[in-house]
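To keep things clear, I will list the structure first and then write my remarks on it.
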Amino acid sequence: MSKLFTPVQVGRYSLPNRMVMAPMTRSRANDAGVQSDLAATYYGDRAGAGFLIAEGTFPSAMGKGYVRTPGIETKEQIAAWKKVTDAVHAKGGKIFLQIMHCGRISHPSMLPNSALPVAPSAIKAAGQTWTGAGMEEFVTPRELATNEIAGVVNEYRMATRHALEAGFDGVELHTASGYLPEQFLSSGSNKRTDKYGGSVENRARFVLEALNAMVEEAGSDRVGIKISPEMNFNDISDANPQETYTYLVDQLAPLNLAYLHVALFGAKTDYHALLRPRFKGTYLMGSGLDKAKAEQVLNNNQADATVFGGAFLANPDLVERFKQNAPLNTPNKDTFYSPGAEGYTDYPTLKDSK
């Protein structure tokens, strides 16, 4: 049997296979950040994964970065997510929530009282963000005062509490894609001179404080972290990423997290080879995997589980298709972020195709 279909321990959970559904923004929520009813079908249909990581979800209104993305702050948002977790659990699946504060990767049109986005430093990101009026230039964010940061860390604590209330089996800290935790971590976006800036120890402080808050709420065996070194998305950069990420991963050891999720997109360094030996827990590898590559990764002990994005998006029954070596549906990129069922809940399964 392929190792893909063997059990794996992730935190407190013994999972039936080593195929994880990646967190993918789908933009089906309403303007209040309330997840669509269609989401229960979408995630429920994919419950055959070892576990699912739900799309990036803002912990507070100030963390929102894109139109029609969901939150986990209000009673209405929590109730909508409860329908999703119920659907996944009804089919025997497990699902974690990715908590995503976008920081400077936002726009006043999406924030309370047209506020400026917050960030570690008042440095404008190059590029545009997707707003209700279409693509608009990023703005110069407001630098968080030192005494405000504890409040932002508490947003991660409350988001974790609310995720558990909504029935999620765990949470993931999104520390990639140029969002707030990576903004603190990276020297290009963090020019602070207080205890949150300068040295790698100081730049990593926000990430570790957020993780500790999440662990205090959920227990370490229900908390994971995602990183993507040198992805450089959303104008993020770091002067010495190898030093930054080896330091960060070394600091995770006392936390005993459920997993470390590493997705590489064009990095010149093989961070899997660099970081896998430094992390003693369950190691998830993502980005660009197909069945053959995933099996090779697992057979070579380069990871404990493998993460699939577009393949799961377009194939609700991806696990079964891999077992049967069946052909795969092709993702329709035109409907990745469009509202409605098309390209969301209408991809056929093998049974539908017969």
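The values are calculated or read from the model by the stated rules, or taken from the named source; none is laboratory data. Fair warning: this is a prediction, and the values are worked out from it, not measured in the lab. With ideal geometry, Cβ positions are generated from the backbone for all residues, glycine too; neighbour counts draw on all protein chains shown. With ligands, DNA and RNA removed, areas are computed over all heavy atoms of the protein, side chains included. Shrake-Rupley method; radii C 1.70, N 1.55, O 1.52, S 1.80 Å.
Summary table below
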read-out: Of the GluC sites (Glu not before Pro) in region 250-345, those whose Cβ has at most 14 other Cβ within 10 Å and which sit in DSSP loop; value: E342
read-out: Mean Cα-pair separation over length for region 88-130, i.e. relative contact order, pairs under 8 Å, 6 or more apart, %; value: 31
read-out: Proximal aspartates and glutamates relative to K3, as straight alpha-carbon distance under 16 Å, when same-chain residues fewer than 8 apart are discounted; value: D290, E295, D304, E320
read-out: Size-normalised alpha-carbon gyration radius of the chain, reference 2.2 N^0.38 Å; value: 0.93
read-out: Portion, in percent, of the accessible area of the chain that falls on carbon or sulfur, probe 1.4 Å; value: 49
read-out: Average accessible area per residue (Å²) across the chain - probe 1.4 Å, nucleic acids and ligands excluded; value: 38
read-out: If the convex hull is drawn through the Cα atoms of region 1-103, its volume per residue in Å³; value: 100
read-out: Region 1-83: trypsin sites (Lys or Arg not before Pro) in DSSP loop, at most 13 other beta carbons within 10 Å; value: R12
read-out: Equivalent ellipsoid dimensions for region 136-290 as semi-axes, Å, which come from the Cα gyration tensor, largest first; value: 22, 21, 15
read-out: Between region 55-78 and region 151-196, the alpha-carbon center distance in angstrom; value: 13
read-out: Within straight-line cross-link reach of K64, lysines at Cα separation under 19 Å, skipping those fewer than 8 residues along the same chain; value: K75, K124, K226
read-out: About the Cα centre, charge dipole magnitude for region 196-354 (Lys/Arg +1, Asp/Glu -1 at Cβ), debye; value: 420
read-out: Rounded FRET efficiency, nearest 0.05, which uses the C-beta distance separating E216 from A253 and R0 of 22 Å; value: 0.80
read-out: Electrostatic dipole magnitude of region 1-51 [Cβ: Lys, Arg +1; Asp, Glu -1; Cα centre; debye, to 20]; value: 300
read-out: Fluctuation leader among I123, I227, I72 - the chain, Gaussian network, Cα springs under 10 angstrom; value: I123
read-out: DSSP H segments from the chain that extend 27 Å or more along their own axis, Cα-based, with Kyte-Doolittle mean of -0.5 or above; value: 146-165
read-out: Normalised contact order of the chain, rounded percent, pairs of Cα under 8 Å and 6 or more residues apart; value: 17
read-out: Mean Cα-pair separation over length for region 1-121, i.e. relative contact order, pairs under 8 Å, 6 or more apart, %; value: 26
read-out: Residues in region 109-147 that a label on D194 would reach, taking backbone N under 13 Å of a point 7 Å out along Cα→Cβ; value: 119-122, 143-147
read-out: Size of region 138-191 as Cα extents on the principal axes (Å, biggest first); value: 38, 25, 19
